[in-house]
Amino acid sequence: MVDTEDIKKEAAPEEEAQETAAEPEEKKDAAEEQNDKSEEAAKKEPEEDSDTRYMRLMADFQNYKKRVEKEKKDLYSYANEKLVTELLDVLDNFERALDQEGQGDSFKEGMEMIFKQLGDVLKKSGLAEIPALGEEFDPNFHNAVMSEETDEYESGTVSGVMQKGYTLNGKVIRPSMVKVAG
């Protein structure tokens, strides 16, 4: 005779086995969903990575273009710096010659015209004289070669110019040699 309790006992392990078998299937479904989400996220990451890389490359390229443009502009601005620097000695000699007395008036007028013409050409090239006399001493623009005691100027002020200084397109190519009031 079959006892109903034995049938229940036998059925109970089968039901437990089915329940435990169902749990892994649910876990598998959840794990598969998780994997699907991970794969979608993984697909989006490379897309974002490629977009990010593209944006970085574009920014790098823009920076490169700006840098090259600035270098080209600087090259054009300062290409004639060596020539202008050498011409400054000629300019100084012209000034010294014009300061001399005893020359004929027509000769002096001719020299002044040549001097003015040379000065105009250099100004068009971007040359500018550094103001010094009576200005506050600035080591970026002035080279102090001596100091003197004077009542005419305040302490720290340029009291005399021994050699004019010049800038080319805003860059100091020769500082002014000056005397500074002490």
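The values are calculated or read from the model by the stated rules, or taken from the named source; none is laboratory data. The structure presented is a predicted model; accordingly, all values stated were derived computationally and were not measured. Note that each Cβ is placed from the backbone with ideal geometry, even for glycine, and that neighbours are counted across all protein chains shown.
Output yes when any residue across the range 100-112 is hydrophobic (A, V, I, L, M, F, W, C), modelled with pLDDT under 90 and under 24 Å from Thr167 (Cβ atoms), and no when none is. Lay out the reasoning, then the answer.
Here is the first cut: in the range 100-112, the residues hydrophobic (A, V, I, L, M, F, W, C) are 107, 111.
Narrowing further to those that are modelled with pLDDT under 90: 107, 111.
Next cut, under 24 Å from Thr167 (Cβ atoms) only: none.
Among the residues of the range 100-112, not one is hydrophobic (A, V, I, L, M, F, W, C), modelled with pLDDT under 90 and under 24 Å from Thr167 (Cβ atoms), which makes the answer no.
Counting just the residues of the range 45-83 that are of a type in the set (S, T, N, Q) and assigned to a helix (DSSP H, G or I), which one comes out surrounded by the most Cβ atoms within 10 Å (Cβ to Cβ)? Talk me through it step by step, then tell me what you get.
Just the residues of the range 45-83 that are of a type in the set (S, T, N, Q), to begin with: 50, 52, 62-63, 77, 80.
So of that shortlist, the ones also assigned to a helix (DSSP H, G or I) come out as 50, 52, 62-63, 77.
Details: Ser50: 10, Thr52: 11, Gln62: 10, Asn63: 10, Ser77: 15.
Ranking the qualifying residues of the range 45-83, first place goes to Ser77.
Condition first: small (Gly, Ala, Ser) and under 18 Å from Glu86 (Cβ atoms). Now tell me which residues in the range 119-162 satisfy that. Even if it seems obvious, please write down each step before you answer.
Here is the first cut: in the range 119-162, the residues small (Gly, Ala, Ser) are 119, 125-126, 128, 132, 134, 144, 147, 155-156, 159-160.
Once the filter is applied, which keeps residues that are small (Gly, Ala, Ser) and under 18 Å from Glu86 (Cβ atoms), the range 119-162 yields Gly119, Ser125, Gly126, Ala128.
For a quick check of your reading: which strands (runs of 3 or more DSSP E) sit entirely within the range 84-179 and have at least 1 residues that are without any contact (Cβ under 8 Å) to a residue 24 or more places away in the chain and surrounded by 12 or more Cβ atoms within 10 Å (Cβ to Cβ)?
Values: elements: 127-129, 142-148, 158-163, 166-168, 171-174.
The qualifying strands (runs of 3 or more DSSP E) are 158-163.
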